[in-house]
Amino acid sequence: MSQYTTGELAKACGITVRTVQFYDQKGILVPSSLTEGGRRLYSEEDLKKMKIICFLRDTGLSLDTIGQLLKEEDPGSVISVLLEQQEKLLQGEIGEREEKLGRLAELKKTVKHDPLFSLETIGDVANVMEGKKKLSAVHRNMILPAIPLGILQWAAILLWIFKGIWWPFLVWVILVIPYGIWAVRYYHRNVAYICPKCHETFRPAMKEMFFAKHTPKARKLTCTKCSNRGFCVETYGGNIK
């Protein structure tokens, strides 16, 4: 049976001699035997075990966790569960990094095309990006109840035109009025706007917001701080009192 010195084991696993010695001191991988001079000797099983330890370390597991796992009667099944959890954790980190890359791409685009780019502009872009998911949730919450109302509207219109049955349209009108009131109030309560001049995030009066000219991402409003009137960028405003 082959035996490996500390240096040979380290080379076979792509790690340093000090790492092998450290794992011995921690009791994670103790050598199978010692020479008369006190040098560590590792077996084939030790080599396989070290490769498993290195693999688990690469996945992000701590040494304490690895040490506990290797002491289990059936480490394979426990390692399998832990690897699944680690995979989910890494996927979450990937998602966060992708979101940060999205922010960087947005900032690069702003730097390239905005001659008046400033620290305030960075703050505006960051605020919009941070509130993007919450703002999408606001839009989604408004659209979901509108879908069945839209279906009911067209069904009622077709029944009135082709069958002469008008009361389903009346039912739709009775339902759509309270929905419209709720949607406007909900939108006003959860959306704010960023002034392009003073960079203040503000919530306009409901009447001004409702009747203002707008694009999908901006409305022409009067800033409550500097009184500048212009197109202000939409952002999430659920945390603004």
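Pairs meeting the criteria (first residue in the stretch 225-241 and without any contact (Cβ under 8 Å) to a residue 24 or more places away in the chain, second residue assigned to a strand (DSSP E or B) and open to solvent by 60 Å² or more (accessible area, probe 1.4 Å), beta carbons under 9 Å, at least 6 apart or on different chains) are Arg229/Lys220. The set of residues from the stretch 156-210 being in a loop (DSSP other than H, G, I, E, B) and either among the hydrophobic types (A, V, I, L, M, F, W, C) or more than 30 Å from Ser227 (Cβ to Cβ) (or both) comprises Lys163, Gly164, Ile165, Trp166, Cys195, Cys198, Ala205.
None of Thr5, Thr16 is within 22 Å of Ser62 (Cα to Cα), free of Cβ contacts under 8 Å to residues at least 60 places away in the same chain and among the polar types (S, T, N, Q) except Thr16. Do we have Glu96 as over 26 Å from Thr5 (Cα atoms), at pLDDT 80 or above and part of a helix (DSSP H, G or I) here? When the stated conditions are applied, Glu96 passes them.
Answer with yes or no whether Leu34 is aliphatic (A, V, I, L, M), touching a Ser or Thr at 6+ places or on another chain (Cβ under 9 Å) and modelled with pLDDT under 90. In short, no. Of all residues in the stretch 132-188, those satisfying the criterion of being among the aromatic types (Phe, Trp, Tyr) and touching a Phe, Trp or Tyr at 6+ places or on another chain (Cβ under 7 Å) are Trp160, Trp166, Phe169. If the condition is being within 42 Å of the chain's Cα centre (by Cα) and not in a helix (DSSP H, G or I), then the stretch 1-19 contributes Gly14, Ile15, Thr16.
The C-beta contact set for the stretch 171-189 (first residue closer than 16 Å to Ile151 by Cα, second residue open to solvent by 40 Å² or more (accessible area, probe 1.4 Å) and assigned to a helix (DSSP H, G or I), distance under 8 angstrom, 6+ apart or interchain) comprises Val171/Leu152; Trp172/Leu152; Trp172/Gln153; Leu175/Leu152; Val176/Gln153; Tyr179/Pro145. The set of residues from the stretch 20-53 being buried (at least 16 other Cβ atoms within 10 Å of the Cβ) and part of a helix (DSSP H, G or I) comprises Val20, Tyr23, Asp46, Leu47, Lys49, Met50, Ile52, Ile53.
The values are calculated or read from the model by the stated rules, or taken from the named source; none is laboratory data. Bear in mind that the values here come from a model prediction, so they are computed numbers and not experimental data. All Cβ positions, glycine included, derive from the backbone under ideal geometry; neighbour counts span all protein chains shown. Note: areas computed on protein heavy atoms with side chains; ligands, DNA, RNA excluded. Shrake-Rupley method; radii C 1.70, N 1.55, O 1.52, S 1.80 Å.
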